[in-house]
Amino acid sequence: MLKRLADGPVQREVRLGKSRIDFLVGNAYVEVKTPLTTLPAPAAAARVRMGRFDSFDRLIRHMGELKASLATGMRAKIVLCYLYDAKPFTPPPPSRINSRILSVARGAERAGVERWQVNLRITKVGVSLTRYFKSQPYAVGQ
C-alpha cells in the first residue's frame, strides 16, 4: 500500500555508517519516526504533564547518515508515522532546544532526503492506513 513511498525487497534494521536505519526498501533507506508532540486525548487526559524532550542526537545522526547515502546513488526518506489522522506536519518555530534539529533537517532536505507522513488508525481489530503523502518542503525561515 505504500509503493509511492518506496518499492522493492524489504530489509529491516540496516547498518548505515554508525547508525541502524529501520528499513532498506529497494534502493531507498527508510527511517520511521513517531512524533509524540501532540496526541488526541479526552480533556481529562490533557491534564497529564509530560516532561520536555530535547534529546535529538540519534535523529541528527540518522539524518546525517541518510544525507551521506545520497552520494552513493541511494534514496533516503524519513517517515513521520502518526497513530491517528494527523494534520500535515509543520515544524515548530525555532527555539534554543530545536534550532539544531531544524538546521540539520533543512540541510538533509536540501540534499534530497525526502519527508513523508503516514497516518494510521488503530482499533481493537488492528491497524489500518488512513492516508500518506510526501511532506511539503520546509518554508523559508523554518
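All of the numbers you see were taken from the coordinates with simple rules; none came from a lab. Since the model is a prediction, treat every value here as computed from it, not as a measurement. Heads up, the Cβs are rebuilt from the backbone with ideal geometry, glycines too, and the neighbour counts pull from every protein chain shown.
So here's what we get for this one:
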| item | result |
| --- | --- |
| Trypsin sites (Lys or Arg not before Pro) restricted to DSSP loop in the range 2-31 with at most 10 other C-beta within 10 Å | 3, 4, 18 |
| Contour minus Cα-Cα distance for residue 3 and residue 97 (0.36 nm per residue) | 30.3 nm |
| Extension gain (nm, one decimal) between residue 10 and residue 59, 0.36 nm per residue minus Cα-Cα | 15.5 nm |
| Proximal lysines to residue 18, defined as alpha-carbon separation beneath 22 angstrom and excluding residues fewer than eight positions away on the same chain | 33, 67, 77 |
| Calculated on alpha-carbon atoms, Rg and Dmax of the range 88-142 in Å | 14.5, 43 |
